[in-house]
Amino acid sequence: MLLFTGRGSAFADEHNSAFFVHENELVLLDCPVSAFQKLKKIKPEQFRHIYILITHTHGDHCGGTGSMIQYAWFALNHLPVTVIAPSERVRKDLHLLLTRIEGCMPEWFTLTTADKIQKSWLVRPIPTVHVQPLNGKCFGWQLCIDGRNIIYTGDTAMLEPYLPYLHSGDVLYTEAAFYRSEVHLYLPEVLPELIRLTENGVQIYFMHLDNEAEILKLIQGTKIQTAPLYRPVRLVRMQKKEIPNAERLYRQAFPPEERAPFRLLCAKQYLADTDFLSIYAGTQWAGFFYLVNYQNLSYIFYFAVLPEFRGMGIGSRALQKLQKFCQGRKLFLAVEELDSSALNYQERISRKNFYLKNGFPELHRRVQEGSVIYELLGTGGDVTPEEYQKLIRSFTGKFLYRSIPMRILEEE
């Protein structure tokens, strides 16, 4: 899925731009100046390559591309940047812009066309109609991200070029205009068609918005959402004022058989070696971690993100922050075992794949906690039955340790 540094149209403070990460490569869809400023804060030096897909050459879509190239070359020790044009005609225009106007030297970057790039996430550019001076030079993109078909319209005056590529289960990121225009999708006219697409199983996100407040009114009661904005994630110690939020989310996110008494968890902050951490997305409280520690072990007892922040990459980034927080320790967690007879079998598969993708491989250990059987996933090394028992006993105390079955199961 895509995250957006901004979803505003040409005259907004934050211009429309999206990105995703694939195998330690940062892929941008357009790069206006406002996006470049935000992308600096996510530390692009952590990636091994930057790719920039351009939809068209309006300044609110590519005006920060030259700055990104120069920043990668001078500030990030020649970090490779590849700019991908949707056609040869657009490539020639970008070459003029980047070398003759922005003053970028050819050795600082690679400029190529989509047909010359072999990447699993790049399917094709899709030609569309936007403004008359750029006829034949405006495109959307078809991508494949985590196995899902993604259609990104760019700026367009019509939906028709994209409809042949949309089927149930696909994702459409499309511009939407509240004000009537010949060069953008006038939402009151196209909304019935977009609702029909959602009824046929297409997931739709609106971007490039000229009046977000009014657009939100128009889509109220539909399945359409606005494109998810990127928010920096940070972890802080749980504060007293955040406890009610954490308790509500705890009761929503975990079934009764998996919940310890919440008051006990709060009390154990002071009676045992634990870390109760709030997750913030920007300035908003977004979830929590509850860790139980023993010597060089850290066990993620509970981890939950608010529903409105799911699907935005916040959980993945929170796990990355947590791994840095627990650097040098064995960090592990438990997921429900993949029992095909379980009612939530597909959910169990998705949850396990989420952790595997985020750097928590199988430890090939099964654990019983109460009446539930789990698999252990973790980073930093194996967790032995003896280590696990000592951690649990240090947290529960002798009485609870004897009364609640919590143990690593022997391999059959």
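Where a number appears in this text, it was derived from the coordinates with a stated rule and is not lab data. Owing to the predicted nature of the structure, the values given are computational and were not obtained by experimental measurement. FYI the Cβ positions are ideal-geometry reconstructions off the backbone, even for glycines, and counts take in every protein chain you see.
Tabulated data
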item: Isotropic mean projected area of the C-alpha convex hull, the chain (nm²); result: 22.6
item: Dipole of the chain, positive direction: furthest Cα of PHE360, LEU2, VAL123, with charges on the beta-carbon; result: PHE360
item: Span from the segment 293-317 Cα centroid across to the segment 333-412 one, whole angstrom; result: 15
item: Partner lysines for LYS40 [C-alpha distance under 30 Å; skip if fewer than 8 residues away on the same chain]; result: LYS92, LYS116, LYS119, LYS137, LYS321, LYS324, LYS357
item: Cα lying deepest toward the dipole's positive end in the chain, options GLY136, LEU98, ALA272, charges on Cβ; result: ALA272
item: Net length gained if the chain between GLU337 and LYS398 were fully extended (0.36 nm per residue, minus Cα distance); result: 19.2 nm
item: Protection proxy ranking of 361-372, 153-164, 22-33 - average other beta-carbon atoms within 10 Å, highest first; result: 22-33, 153-164, 361-372
item: 0 to 90° range, to nearest 10: angle between helix 385-403 axis and the chain longest Cα axis; result: 60
item: Point-charge dipole on Cβ atoms (K/R +1, D/E -1) for segment 1-120, about Cα centre, debye to 20; result: 80
item: Angle in degrees between helix 345-357 and the longest Cα principal axis of the chain, rounded to the nearest 10; result: 80
item: Cα-based equivalent ellipsoid of segment 3-226: semi-axis lengths in Å, sorted from largest, via gyration tensor; result: 29, 18, 17
item: Net charge dipole size for segment 233-409 [Lys, Arg +1 and Asp, Glu -1 on Cβ; Debye, nearest 20]; result: 560
item: Whole-Å distance, taken between Cα centres, linking segment 187-246 and segment 119-164; result: 21
item: Over segment 233-409, volume per residue of the alpha carbon convex hull, in Å³; result: 117
item: Bins of 10 Å from zero: percent of alpha-carbon pairs in segment 235-277; result: 25, 58, 17
item: The chain, relative contact order in percent, only Cα pairs under 8 angstrom and at least six apart counted; result: 9
item: Under-5 Å amide H pairs with ASN16, H placed in peptide plane, nonlocal only; result: GLY8
item: 37 °C / 0.692 mPa s Stokes-Einstein diffusion coefficient of segment 292-370, Kirkwood radius on C-alpha pairs, µm²/s; result: 235
item: Cβ-placed point charges (K, R +1; D, E -1), dipole of the chain about Cα centre in debye, nearest 20; result: 1300
